[in-house]
1. Which residue pairs have Cβ atoms closer than 6 Å, lie 6 or more positions apart in sequence or on different chains, and pair a first residue in the stretch 87-104 that is closer than 18 Å to Val7 by Cβ with a second residue that is exposed (fewer than 15 other Cβ atoms within 10 Å of the Cβ) and modelled with pLDDT of 95 or more?
2. Would you tally the residues in the stretch 1-29 being out of contact with any Asp or Glu (no Cβ under 7 Å at 6 or more places or on another chain) and at pLDDT below 95?
3. Quick test for you: out of Ala46, Ala69, Ala36, pick the one residue that is surrounded by fewer than 16 Cβ atoms within 10 Å (Cβ to Cβ), among the aliphatic types (A, V, I, L, M) and under 22 Å from Asp129 (Cα atoms).
4. Of everything in the stretch 21-72, what is without any contact (Cβ under 8 Å) to a residue 60 or more places away in the chain and among the acidic types (Asp, Glu)? Give them in sequence order.
5. Given (1) modelled with pLDDT of 95 or more; (2) in a loop (DSSP other than H, G, I, E, B); (3) in contact with a helix residue (DSSP H, G or I) (Cβ under 7 Å, 6 or more places away or on another chain); (4) of a type in the set (A, V, I, L, M), where does Leu130 come up short, assuming only one miss?
6. Would you confirm whether any residue within the stretch 10-29 is touching a helix residue (DSSP H, G or I) at 6+ places or on another chain (Cβ under 9 Å), surrounded by 14 or more Cβ atoms within 10 Å (Cβ to Cβ), part of a helix (DSSP H, G or I) and of a type in the set (Lys, Arg)?
7. Output the number of residues of the stretch 75-103 satisfying the condition of being at pLDDT 95 or above and more than 21 Å from Ile128 (Cβ to Cβ).
8. Within the stretch 39-49, does at least one residue satisfy the condition of being of a type in the set (S, T, N, Q) and either part of a helix (DSSP H, G or I) or modelled with pLDDT under 95 (or both)?
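The values are calculated or read from the model by the stated rules, or taken from the named source; none is laboratory data. Since this is a predicted model, take the numbers as computed values, not measurements. Because the Cβ atoms are built from the backbone with ideal geometry, glycine has one as well, and the counts that use them run over all protein chains shown.
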Amino acid sequence: MTERTLVIIKPDCIQRHLAGEVIGRFEKKGLKLVAAKFIQVSEELACELYDVHRGETFFDGLVEFLSCAPVLLMVWEAEGVVDVVRKMMGSTFGCDAEPGTIRGDFGGVKGFNLVHGSDSVESAEREIDLFFQPDEIVEYTLSSEDWLYGKKV
């Protein structure tokens, strides 16, 4: 079933010039980019995004980090995209992530983990609604979709 997920290329990834690498990996996997914007996230919006972690000792650090410099927000679409993106990102901390994953290949110290990806379809819907209006998400067909999803056979 086709799903959507929110991916945030975080400040450390932008500052290290790795955004293109991350986007390229998702494109090579066959995911479809349907929305993107480059913004400075306010502390208020970061609090909303990470609301599920409110009360945790690391909450303030998450909010401060996400709002400290510009980020690239993206909506990706594909069958099972939430799980696909989570696997491609790797474990939360770069030191624990498998080689071949984004965090495993490029991750640094614990707090700097390069990317955010929604952890469920429900979270994805909520997070996408936080950052994008419906008219900012583009509906289109990739010519490769038939080949990616076996529709030519």
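1. If the second residue must be exposed (fewer than 15 other Cβ atoms within 10 Å of the Cβ) and modelled with pLDDT of 95 or more, the pairs left are Gly90/Glu98; Gly104/Glu98.
2. 0
3. Values: Ala46 fails: surrounded by fewer than 16 Cβ atoms within 10 Å (Cβ to Cβ); Ala36 fails: surrounded by fewer than 16 Cβ atoms within 10 Å (Cβ to Cβ).
Sole residue among the options that is surrounded by fewer than 16 Cβ atoms within 10 Å (Cβ to Cβ), among the aliphatic types (A, V, I, L, M) and under 22 Å from Asp129 (Cα atoms): Ala69.
4. Passing the criteria: Glu27, Glu43, Glu44, Asp51, Glu56, Asp60, Glu64.
5. The number of the failed condition is (2).
6. yes
7. 6
8. No, every residue in the stretch 39-49 fails to be of a type in the set (S, T, N, Q) and either part of a helix (DSSP H, G or I) or modelled with pLDDT under 95 (or both).
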